Protein chains: 2
Amino acid sequence: MGKSKFVSIYNDLSEKIHKQRIESGSLLPTENELSAQYRASRETIRKALAMLSRNGYIQKIQGKGSIVLDVSRQTFPISGLTSFRELASHSKDHWKTEVHQLVLLKPDNHLKMLMNLQNDQTVWNVIRSRSVNGEAVILDRDYLIQSIVPMLTADICERSLYDYIENDLGLKIGFAKKEITVERATDEDNRYLTMHEDSHVVVVRSLVYLESAELFQYTESRHRADKFRFVDFARRGHQ
Amino acid sequence: MGKSKFVSIYNDLSEKIHKQRIESGSLLPTENELSAQYRASRETIRKALAMLSRNGYIQKIQGKGSIVLDVSRQTFPISGLTSFRELASHSKDHWKTEVHQLVLLKPDNHLKMLMNLQNDQTVWNVIRSRSVNGEAVILDRDYLIQSIVPMLTADICERSLYDYIENDLGLKIGFAKKEITVERATDEDNRYLTMHEDSHVVVVRSLVYLESAELFQYTESRHRADKFRFVDFARRGHQ
DNA sequence: AAGTGGTCTAGACCACAGG
DNA sequence: CTGTGGTCTAGACCACTTC
């Protein structure tokens with residue numbers, strides 16, 4: 001069970017910062033102090049601090065210390081790879097998922113090329129809408145390779161695809177490449193989404209890979225433009 | 001001047017991957033081999049590999065090795081904090097910056113609150129448009145705290161603000177918090193941008209901080225929606 | 001069983017901030 | 001000058017993949 005030590009230290013410190021048990025603007029204890037507190041070597045402490053820094057919790061300043069940043073206004077999660085289910089559970093609003101389609105497909109040429117598929121491979125096609133307060137604002141179209149995800153049911157898709165894939169199938173999701181653009185709403189958008197006078201959607205296209213570096217999913221997530229908001233934390237340089 | 005050793009190793013390996021001198025899909029040499037090749041300890045090699053992994057160059061698999069990912073289609077840079085100048089220099093297109101306004105302001109209440117300004121602080125307000133092939137597609141509105149950036153000229157703004165701030169003023173940019181939304185074009189957008197039938201803009205609002213964790217800039221970057229594209233690489237989990 | 005990456009350690013030296 | 005974070009090292013043990 002136990003994660004690594006530096007992850008535990010990261011979790012402990014990030015929780016303290018979130019709950020304001022450590023004030024923003026103040027300095028964290030020094031690395032040597034933390035090293036003593038957590039009974040860990042300094043390099044282990046530094047791994048935890050590096051993770052805090054990457055995720056916008058602290059700013060390290062050489063010769064001075066680690067300043068705690070104001071993390072209170074940052075909508076959870078800042079960026080990264082998170083399922084809709086995980087997102088919704090952090091929100092106060094009432095979200096609902098509706099499954100409109102769940103079929104096995106022989107991929108067309110475009111999808112074949114995009115996902116680098118062999119001739120005999122079939123894919124699951126799932127179409128779902130996400131509603132908040134009765135308004136459908138997100139339309140998700142997923143394509144999953146059947147040789148990796150053999151069986152799917154409407155129930156799984158309504159609940160959480162990622163939860164099923166990770167916990168029931170035991171697959172581990174590694175990374176994704178995403179692209180965000182703005183496009184005019186299609187007939188399909190108008191059919192499944194509650195469109196207002198606004199005729200635009202934000203389209204997030206993702207190729208999702210397992211930890212084995214194997215591609216297993218392509219997703220097109222279409223958001224009603226007026227409901228779309230993306231929050232990011234970025235550091236200068238390539239670290 | 002030399003950077004740290006692990007950054008050199010990172011630069012060397014990432015360049016080799018970019019130039020396809022290491023084939024995508026193949027395995028990197030093992031950490032022990034790299035350790036010998038670069039005459040570095042294994043932990044140092046691992047810092048370089050962790051950076052490659054974060055930036056989407058490789059996927060590490062325990063017990064197996066580090067797989068080189070296909071990085072060829074990823075528009076430079078994937079995400080992060082990069083100035084327009086740096087972006088444009090990586091592109092084949094012909095970009096041009098035009099400065100429309102450069103004034104010192106007493107901030108209004110909204111800006112005061114947003115930037116956490118004292119009563120007597122003044123800010124530079126810069127309005128610039130970015131054109132590609134004769135079409136103005138980006139409108140940037142910057143607000144910079146004058147106590148940090150004492151003097152600005154149209155020439156500097158036309159060239160590169162970040163270049164001036166980092167190289168001439170010697171300030172170091174640390175991180176930024178960003179928010180992306182889609183909005184209807186304003187009169188100002190219509191005045192400065194070459195708007196087509198499409199009446200929407202993607203608005204990227206950023207608060208930019210120095211390495212000292214001091215806020216020094218607020219920017220509103222307004223992109224013609226049909227020209228906006230954001231590419232991202234995301235890993236699962238908080239590492 | 002052998003080889004891979006994942007973690008942790010104790011110690012060393014350097015670069016920078018502040019008194 | 002002291003104390004801070006930044007880097008590097010050599011060695012140890014563990015977890016996982018592969019044969």
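The numbers here are math on the coordinates, done by the rules we state, and not lab data. Keep in mind that what you see is a predicted model, and the values were worked out from it rather than measured. Note that we place each Cβ from the backbone using ideal geometry, even for glycine, and neighbour counts take in every protein chain shown.
Remarks
- The distance between label points at A:Thr30 and B:Leu114 comes to 4.0 nm (points 7 Å beyond Cα on the Cα→Cβ vector).
- The value of relative contact order for segment B:5-68, using C-alpha pairs under 8 Å at least six residues apart, is 41 percent.
- For segment A:146-152, 3J(HN,Hα) per residue [Karplus equation, 6.51 cos²θ - 1.76 cosθ + 1.60, θ = phi - 60°, Hz, x = Gly/Pro]: 5, 5, 9, 10, x, 10, 9
- Between 0 and 90°, nearest 10: helix B:5-18 axis offset from chain B longest Cα axis: 90 degrees
- With the convex hull of its Cα atoms as the shape, the protein assembly as shown has an orientation-averaged projected area of 25.3 nm².
- Taking amide hydrogens as placed 1.01 Å from N in the peptide plane, the amide H of B:Thr122 sits under 5 Å from those of B:Gln146, B:Ser147, each at least 5 positions away in sequence or on another chain.
- Hull-based mean projected area of chain B, where the convex hull spans the alpha carbons, in square nanometres: 15.8 nm²
- Scanning residues 5 or more positions from A:Gly174 or on other chains, those with amide H under 5 Å from its amide H are A:Tyr209, A:Leu210, A:Glu211, with H placed 1.01 Å from N in the peptide plane.
- Couplings 3J(HN,Hα) of segment A:47-62, computed from phi: 5, 5, 5, 4, 5, 4, 5, 4, 9, x, 8, 9, 10, 8, 10, 4 Hz, in residue order, whole Hz [Karplus 6.51 cos²θ - 1.76 cosθ + 1.60, θ = phi - 60°; x for Gly and Pro].
- Label spacing, shortest first and in nm, from B:Glu214 to its equivalents in the remaining copies (7 angstrom along Cα→Cβ): 5.3
- On a per residue basis, the convex hull of the C-alpha atoms belonging to segment A:5-68 measures out at 73 Å³.
- Each copy carries A:Gln20; placing its label point 7 Å along the C-beta direction from Cα gives inter-copy distances of 5.6 nm, listed from smallest up.
- Across peptide A:223-236, the mean count of Cβ atoms from other chains lying within 10 Å of each residue's own Cβ comes to 6.
- Modelled label positions at A:Glu183 and A:Ser41, each set 7 Å beyond Cα in the direction of Cβ, lie 5.1 nm from each other.
- Label spacing, shortest first and in nm, from A:Lys64 to its equivalents in the remaining copies (7 angstrom along Cα→Cβ): 4.4
- The 3J(HN,Hα) values that the Karplus relation (6.51, -1.76, 1.60; θ = phi - 60°) gives for segment B:177-194 are, in residue order, 10, 10, 9, 10, 9, 10, 9, 6, 5, 8, 4, 5, 4, 5, 6, 9, 9, 7 Hz. Gly and Pro appear as x.
- Taking packing as the residue-averaged number of other Cβ atoms within 10 angstrom, the listed peptides A:17-28, B:158-169, A:224-235 run from highest to lowest as A:224-235, B:158-169, A:17-28.
- Test item: A:169-178 mean partner chain Cβ contacts at 10 Å: 5
- Separation in nanometres of the label points that stand 7 Å from Cα toward Cβ, at B:Asp163 and B:Asp12: 3.1 nm
- Here the contact order of segment A:160-239, divided by its residue count and restricted to Cα pairs under 8 Å and six or more residues apart, works out to 27 percent.
- Residue pairs exceeding 28 angstrom between C-alpha atoms, taken from A:Lys47/B:Lys64; A:Lys60/A:Lys227; A:Lys60/B:Lys16; A:Lys60/A:Lys172: A:Lys60/A:Lys227; A:Lys60/B:Lys16; A:Lys60/A:Lys172.
- Using a cutoff of 8 angstrom between alpha carbon atoms and counting only pairs six or more residues apart, the relative contact order for chain B works out to 15 percent.
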